[in-house]
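So the structure is just underneath, and the comments pick up after that.
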Amino acid sequence: MRQQLCLARLLASATVTAMLATGLAGCQTAGLSDVTGSLGAKAEAKSERHSGTDPHRAVEVYGERFQANPKDADAALKYGQALRAIGQRAQAVAVLERAAILNPGNKAVLAGWGRALADSGQSQRAFDVLSRAHTPANPDWRILSVQGTTLDKLGRHEDARRYYASALRIMPDESSVLSNLGMSYVLTKELPKAEETLRRAYAGAPVDSRIRQNLALVVGLQGRFDEAESIVKADLPVDEAAANVAYLKQMLGRGANARVSAADVVSQDSRRSRAESHPRSDGSAS
């Protein structure tokens, strides 16, 4: 059950895709670093460390700026990003919601707020807010990709893939979008297709640990554990490689429980999401 719950959170940490911080914050993420389906919050925290930014220090700095001037959109975005990086997702939502109220029409703030909502599991509301963060005349592929992840979490996988397709028309072969698309296929048990898509994503961004982990996860879900381990630890320092392998084994398990059903994995989220109203999902730039 723990393995299933961990896998179910893959899309929640998305986007998931690539979005927020400098991303969605600028309108796309901490250096384009929030890919759907990464191995949970640990990957996100690792990204912050590798960027040279101490998220706890950023919370202090930008928190003070935001408290001094809640209308400072840049401070709000960076504060929200830092809060997300340390796992304070509810507080990030509150900060960015307040910033959106005080900066009506600011699409970067709306994008950041929508991404924070997606992280906190409020998929329907996230989709609606993100729809206000760009327009059909000026679509943002990063927002389209995150909207796709929210639709996937609502169990609307075909609709999600139309959003990914729209994002890829704007940014062909973008690895973060391909990673989100690959994880979408995992949720419908189309594992060979998921692997093919994630290999394309990995080829375009071989240094992105989250995409590497997504690919390893899908390979492992098909029972090829040795290959999955070799993928997840390739070219990494021994201690980091060992930690990644241990976490992958924890995710996948061994023996009878190793082949996790993607449909079962997402069923809890889907049942909970059905209580929410369905978003518009024509797949065009919202």
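The values are calculated or read from the model by the stated rules, or taken from the named source; none is laboratory data. Bear in mind the structure is a predicted one, so any value in this text is a computation, not a measurement. Neighbour counts run over all protein chains shown; Cβ positions are idealised from the backbone, glycine included.
A few points about this structure:
- Residue in segment 152-160 that is over 29 Å from Gln67 (Cβ atoms), crowded, with 17+ Cβ neighbours inside 10 Å and under 12 Å from the mean Cα position of the chain (by Cα) present: yes
- Exactly one residue among Ala165, Ala194, Ala118 is closer than 19 Å to Arg89 by Cβ and in contact with a Leu (Cβ under 9 Å, 6 or more places away or on another chain), and that residue is Ala118.
- Any chance Ser176 is assigned to a helix (DSSP H, G or I), more than 20 Å from Met251 (Cβ to Cβ) and either of a type outside the set (A, V, I, L, M, F, W, C) or touching a strand residue (DSSP E or B) at 6+ places or on another chain (Cβ under 6 Å) (or both): yes
- Members of segment 175-205 that are free of Cβ contacts under 8 Å to residues at least 24 places away in the same chain and of a type in the set (Lys, Arg): Lys193, Arg199
- Of the residues examined, Ala92 is one that is in contact with a Lys or Arg (Cβ under 8 Å, 6 or more places away or on another chain), within 19 Å of Ser123 (Cα to Cα) and touching a residue at least 24 places away in the same chain (Cβ under 8 Å).
- Selection within segment 93-122 - of a type in the set (D, E, K, R) and in contact with an Asp or Glu (Cβ under 9 Å, 6 or more places away or on another chain): Lys107, Arg115, Asp119
- Of the criteria (1) buried (at least 22 other Cβ atoms within 10 Å of the Cβ); (2) at pLDDT 95 or above, which one Glu48 fails: (2)
- Residue match in segment 192-205 (condition: at pLDDT below 90 and in contact with a Lys or Arg (Cβ under 9 Å, 6 or more places away or on another chain)): yes
- Filter pass, Pro139 being surrounded by fewer than 21 Cβ atoms within 10 Å (Cβ to Cβ), at pLDDT 95 or above and over 16 Å from the mean Cα position of the chain (by Cα): no
- Residue check for Val232: of a type outside the set (S, T, N, Q), surrounded by 19 or more Cβ atoms within 10 Å (Cβ to Cβ), touching a residue at least 60 places away in the same chain (Cβ under 8 Å) and not in a loop (DSSP other than H, G, I, E, B): no
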